[in-house]
Amino acid sequence: MSSIQVKKANYQSILRYMLQHNVCSKAEIASELGLSIPTVAQGLKYLGEKGMITSIGTMDSAGGRKAVGYESVRDLKLSVGVEITANHVGVVIINLSLNMVYSKRVRMKIYDTDSSYDRFAQFLNDCIEESGVQKDRIMGVGISLPAIIDESGRRIFSMNEEMRISHDFYSIMKDRIPYPLVLCNDANCAAQAEITARNTTEDEIYFLVSQSVGGAIIRHGIIDQGDTCRAGEFGHMTLHAEPDARRCYCGRIGCVNAYLSTSILAETAEGDLQHFFDELPNNRDYHAVWEEYLENLSLAIHNLNMCFNRRVIIGGYLGQYIDPYLEDVRKLVRYRDPALTERDIQIESSRQKNSASAIGAGSIHILSYVNGLIED
């Protein structure tokens, strides 16, 4: 790396650290990031000139000279994230720390008609008005979809067959939404929100289990989308190959999605997933459904483990409820392969429990802004 590239990397590291922490001193930042005090001082001066951080005066001290405290200006810029599923639309507005300053989720189906697209755009604009944020701070809108989308965030290659949205969705919406627009895959969005929540640079597998199933392959804290942006489509791996296996919405039989969609659990409880898990400990019928579901979940995770041999993070709707049952999942995975050690079976729930796909969609503009902040 050239000296300029090193300087950019250091300044970005300082900014990211400050966005994830409260008041910091030069010494604390230098110690945590392994940088010299002069490097940190230069970085803080640069970021202060950009309006990204501010000095708050001296910090409390148990003795000795009091250090000057600095904090990031997290609401300097904002981004809007939207999650569209077959039956719902969720909207969040996030700041530079990816903290939500507004959220709303409603039941809404979007159809391939002008009136439906107009209604969606109006709902989005109403949310922004309702939030009360300064519109000139909004950098853009990111929309999460259960779809395969190219790296430009504009072209949809394929989409969940339950959706009724045109593959020209970007072109249709860009003139209806008065902000820069980008589209993104729902699982990749959720995985990005999880990466930020964990502040990790490790190799992991994000397993999105919601009404549809997907995922992401994370390498060194970065999502690997594959050669044609199709990596991580775990929902369409074949889980059962019997002739009478369940049919997936894609038309094939035996897909993971057909056995792990959370709709299977919700439909048992009249469409209410929360109610299913609330009543699960005392309801025999729910317990029987759950036992079968866990068998299929453990089989899918075992397959992921055999392919990637790294930590599996369960996210999506299931990630909100799986914590009390994680040890059951681990035991079932171990039962399938007794040779596996505890280190081999690393299964966790997501830390970003709610609105992960919407937050991840909004984060695209945030990350682009932070990464482009440091000039030559």
Q: Rounded to whole Hz and in sequence order, give me ³J(HN,Hα) for the stretch 77-92 from the Karplus expression 6.51 cos²θ - 1.76 cosθ + 1.60, θ = phi - 60°, writing x for Gly and Pro.
A: 10, 10, 9, 9, x, 10, 10, 10, 10, 4, 10, 9, 10, x, 10, 10
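What accessible area per residue comes out for the chain, rounded to a whole number of Å², with a 1.4 Å probe? Don't skip to the answer; put the middle values down first.
Numbers: 18000 Å² over 376 residues.
With all protein chains present, the chain gives 48 Å² per residue.
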Q.
Which residue, 231, 211, 249, has the largest displacement toward the positive end of the dipole of the stretch 125-261 when charges sit on each Cβ (Lys, Arg +1; Asp, Glu -1)?
A. 249
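Go through the stretch 312-376 and name the GluC sites (Glu not before Pro) that are in a DSSP coil and have 11 or fewer other Cβ atoms within 10 Å of their Cβ. Walk me through the intermediate numbers first.
Working: sites: 327, 342, 348, 375; in loops: 342, 375.
For GluC sites (Glu not before Pro) across the stretch 312-376 that sit outside H, G, I, E and B with at most 11 neighbouring Cβ atoms in 10 Å, the list reads 342, 375.
If you roll a 1.4 angstrom probe over the protein chains with everything in place, what fraction of the accessible area of the chain belongs to carbon and sulfur, to the nearest %? Walk me through the intermediate numbers first.
Working: 8080 of 18000 Å².
The nonpolar share, carbon plus sulfur, comes to 45 percent.
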Q. Between residue 66 and residue 342, what FRET efficiency follows from the Cβ-Cβ distance if R0 is 45 Å, with the result rounded to 0.05?
A. 0.45
Q) Which option, [x] 136; [y] 181; [z] 120, is the value of volume of the Cα convex hull per residue in Å³ that was calculated from these coordinates? A) [y]
Q.
Starting from a Cα-only point model with no solvent, please compute log10 I(q)/I(0) by Debye for the stretch 151-199 at q = 0.25, 0.29, 0.32 1/Å.
A. -1.01, -1.12, -1.19
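Quick check for me: using +1 on Lys/Arg Cβ and -1 on Asp/Glu Cβ, what's the dipole size of the stretch 51-149 about its Cα centre, in debye to the nearest 20? Don't jump to the answer; show the numbers that get you there.
On the way: 11 positive and 11 negative charges, 72 e Å.
Here the size comes out at about 340 debye.
The stretch 299-341: which chymotrypsin sites (Phe, Trp or Tyr not before Pro) are DSSP loop and have at most 12 other beta-carbon atoms within 10 angstrom?
On the way: sites: 308, 317, 321, 325, 335; in loops: 321.
Of the chymotrypsin sites (Phe, Trp or Tyr not before Pro), not one in the loops of the stretch 299-341 has a Cβ with at most 12 other Cβ atoms within 10 Å.
Efficiency by 1/(1 + (r/R0)^6): what FRET value for residue 174 and residue 2, r their Cβ-Cβ distance, R0 = 30 Å, to the nearest 0.05?
Numbers: r = 37 Å, r/R0 = 1.23.
The pair residue 174/residue 2 has a calculated efficiency of 0.25.
The values are calculated or read from the model by the stated rules, or taken from the named source; none is laboratory data. Model, not experiment: these values are computed from the prediction. Cβ sites come from the backbone with ideal geometry, for glycine too, and all protein chains shown count toward neighbours. Ligands, DNA and RNA are stripped out before the accessible areas are found, and what is left, the full protein with its side chains, is counted by its heavy atoms. Shrake-Rupley method; radii C 1.70, N 1.55, O 1.52, S 1.80 Å.
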